[in-house]
Amino acid sequence: MSHPSPPAPLYIRMHEADNVAIVANDGGLPAGTVFPCGLTLREHVPQGHKVALTAIAAGEAVRRYNVAIGYALQDIAAGSWVHERLLEMPAARGLDDLPLATSKAAPLPPLEGYTFEGYRNPDGSVGTRNILAITTTVQCVAGVVDFAVKRIKAELLPKFPHVDDVVGLEHSYGCGVAIDAPDAVVPIRTLRNISLNPNFGGEVMVVSLGCEKLQPERLLPPGSIPIVDERNVADVGESAEPALDVVCLQDERHVGFMAMIDAIMLTAEEHLERLNARRRETCPASELVVGVQCGGSDAFSGVTANPAVGFATDLLVRAGATVMFSEVTEVRDGIAQLTARATTPEVAQAMIREMAWYDAYLDKGRVDRSANTTPGNKKGGLSNIVEKAMGSIVKSGTAPIAGVLAPGEKLDRKGLIYAATPASDFICGTLQLAAGMNLHVFTTGRGTPYGLAECPVIKVATRSALARRWHDLMDVDAGRIASGEATIEDVGWELFHLMLEVASGRRKTWAEHWQLANALVLFNPAPVT
Ligand code: CA
């Protein structure tokens, strides 16, 4: 029996001007390894970590993605391992004198004929799932809602086979907070807009405690709820206004805990009846609202998974859909290329406004964007936030940037949108849900079992070793790009087709299969009391 020969030593250089490349082979490569180009490793270089392709003098820029990701702190010989201790991080690009909508890229050619089966909503949006969401005004009611949701799932849901799930929108906000502080607008509008997410069919029901600061009328003021049909409208005629369906636990009519549970279940049943009457219909791919983000990144994120997502982003934008990319600290170092890609100077200015707001927010906590990187990022080969950002930003593809959302705002247009959010996976996902996301794409290199109860999450692995080890958690293996088994285009198209299948309910993601769901985590930049 002959043994298969080990794979040839391989490094991946992102741009011809780069003086470092990353080692692609599983397990890294030992000292003395000779690459086909003649470069010899002077020491062991772990997988995903950088090797110097040429001699780099002290003070010289270390370039990856044709960007200075750092400056050499000492002379580095060709074939050396270039790790974060050898690099000084560059200062953040100032926010003055940025190029505003200068790239003037021609619009991408339209992509027609792609559809999915979705649930059309009264407000014109389309859901990919048919879920009853129970909005809560305050954390105090979370235990009660949790109890009620378990009973609804066990006793009511089997009677309504066209409803996918019941979800309590639980959170830590609502009381003990400075609710009139200017920044309180962020968590409040986030909660309001999540209640109106396309996957909830316009059915809004609220569970409130009674004495909390965030009163139901403040969370969902008149005019914020869509008219589903005549049954949720209190008055007829010109003053027709959907009534807000609230179960208030402190109401005198609730005598004992079970009275509260009965009231929640009774209200839920009315909404379940309406949701159950809905059916999927064929919708153009332009109705997809895809949020992309990454978590647990490694040096392959920017080589395999994120470029494949970027290719799929372009396909979606060409099909007329909406794609949001986010994570302020992971795009901050690429701000100049983003403001240049804006469709108008106003969009570029909005992006600068969000970056400046976040710089000030971090400064108030006496940190900067470099607080982003994790020990796992560094172990995975990412030396600093500049290198991480260059790999993260490619998820946005190449389309012009058509709009900007502040944290918690709802989408008002289609196309490629920059939704400003923290990079925290849970907060980013929560804010993208508030914006109106109906499908989530998540790339990971280190591996995370992330999922959301409100929306399907497609997870893309950056390395085949991770995809093999977590074969029942990762939906797409983008590591095949590094090994040469597939191209970025191949994996991008595969992801695009998978998105249509998942959006149509024909395929479940692994997170859905195992019912893995992370908590909603609000971004509250305002004080608590
Ligand atoms: Ca993230």
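Of the residues in the stretch 291-303, at least one is in the same structural domain as LYS388 (by TED's automatic domain parsing), at pLDDT below 95 and acidic (Asp, Glu).
With respect to being open to solvent by less than 10 Å² (accessible area, probe 1.4 Å), touching a Phe, Trp or Tyr at 6+ places or on another chain (Cβ under 6 Å), in contact (Cβ under 8 Å) with a residue 60 or more places away in the chain and within 16 Å of the ligand (Cβ to nearest atom), VAL309 falls outside the description. With respect to the conditions (1) open to solvent by 10 Å² or more (accessible area, probe 1.4 Å); (2) within 16 Å of the ligand (Cβ to nearest atom), ASP359 falls short on a single one, namely (2). Evaluate the following for THR329: is it polar (S, T, N, Q), assigned by TED's automatic domain parsing to the domain that holds THR373 and more than 16 Å from the ligand (Cβ to nearest atom)? Judged against the criteria, THR329 is not a match.
The set of residues from the stretch 482-529 being β-branched (Val, Ile, Thr), within 22 Å of the chain's Cα centre (by Cα) and closer than 27 Å to GLY320 by Cβ comprises ILE488, VAL491, VAL502, THR509.
Of the helices (runs of 4 or more DSSP H) contained entirely in the stretch 417-529, those carrying at least 3 residues that are away from the ligand (no atom under 15 Å from the Cβ) and either within 30 Å of THR136 (Cβ to Cβ) or in the same structural domain as ARG341 (by TED's automatic domain parsing) (or both) fall at 464-469, 480-483, 488-503, 510-513.
Matching residues to (1) surrounded by fewer than 18 Cβ atoms within 10 Å (Cβ to Cβ); (2) polar (S, T, N, Q); (3) within 27 Å of the chain's Cα centre (by Cα); (4) within 25 Å of THR304 (Cα to Cα):
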site	(1), (2), (3), (4)
ALA52	no, no, no, yes
ALA57	yes, no, no, no
ALA77	yes, no, no, no
SER80	no, yes, no, yes
ARG85	yes, no, no, no
GLU88	yes, no, no, no
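Being aliphatic (A, V, I, L, M) and open to solvent by 40 Å² or more (accessible area, probe 1.4 Å) holds for only one residue in LEU520, LEU516, LEU495, and it is LEU516. Look at (1) part of a helix (DSSP H, G or I); (2) buried (at least 17 other Cβ atoms within 10 Å of the Cβ); (3) hydrophobic (A, V, I, L, M, F, W, C) and you find that LEU382 fails only one, number (1).
Going by the conditions given, is VAL167 touching a Gly at 6+ places or on another chain (Cβ under 9 Å), under 25 Å from VAL502 (Cα atoms) and among the aliphatic types (A, V, I, L, M)? No.
Of all residues assigned to the stretch 89-110, none qualifies as being touching a Phe, Trp or Tyr at 6+ places or on another chain (Cβ under 8 Å) and either of a type in the set (Val, Ile, Thr) or part of a strand (DSSP E or B) (or both).
Of the residues making up the stretch 265-276, none is assigned to a loop (DSSP other than H, G, I, E, B) and open to solvent by 10 Å² or more (accessible area, probe 1.4 Å). Filtered by the rule that a residue be buried (at least 16 other Cβ atoms within 10 Å of the Cβ) and either hydroxyl-bearing (Ser, Thr, Tyr) or closer than 24 Å to THR128 by Cβ (or both), the stretch 468-482 gives TRP470, LEU473, MET474, ASP475, VAL476, ASP477, ALA478. Among the residues of the stretch 175-215, the ones that are part of a loop (DSSP other than H, G, I, E, B), closer than 14 Å to VAL246 by Cα and under 26 Å from the mean Cα position of the chain (by Cα) come to 2 in all. Scanning the stretch 113-131 for residues that are open to solvent by less than 50 Å² (accessible area, probe 1.4 Å) and assigned to a loop (DSSP other than H, G, I, E, B) yields ASN121, GLY124, SER125, THR128, ARG129, ASN130.
With the condition kept exactly as written, say whether any residue in the stretch 339-352 is assigned to a helix (DSSP H, G or I), within 16 Å of the ligand (Cβ to nearest atom) and open to solvent by less than 20 Å² (accessible area, probe 1.4 Å). No, the stretch 339-352 has no match at all.
The values are calculated or read from the model by the stated rules, or taken from the named source; none is laboratory data. The structure presented is a predicted model; accordingly, all values stated were derived computationally and were not measured. When we count neighbours, we look across all protein chains shown, and the Cβ atoms used for this are built from the backbone with ideal geometry, even at glycine. Accessible surface is based on the protein model in full, side chains and every heavy atom, while ligands, DNA and RNA are left aside. Shrake-Rupley method; radii C 1.70, N 1.55, O 1.52, S 1.80 Å.
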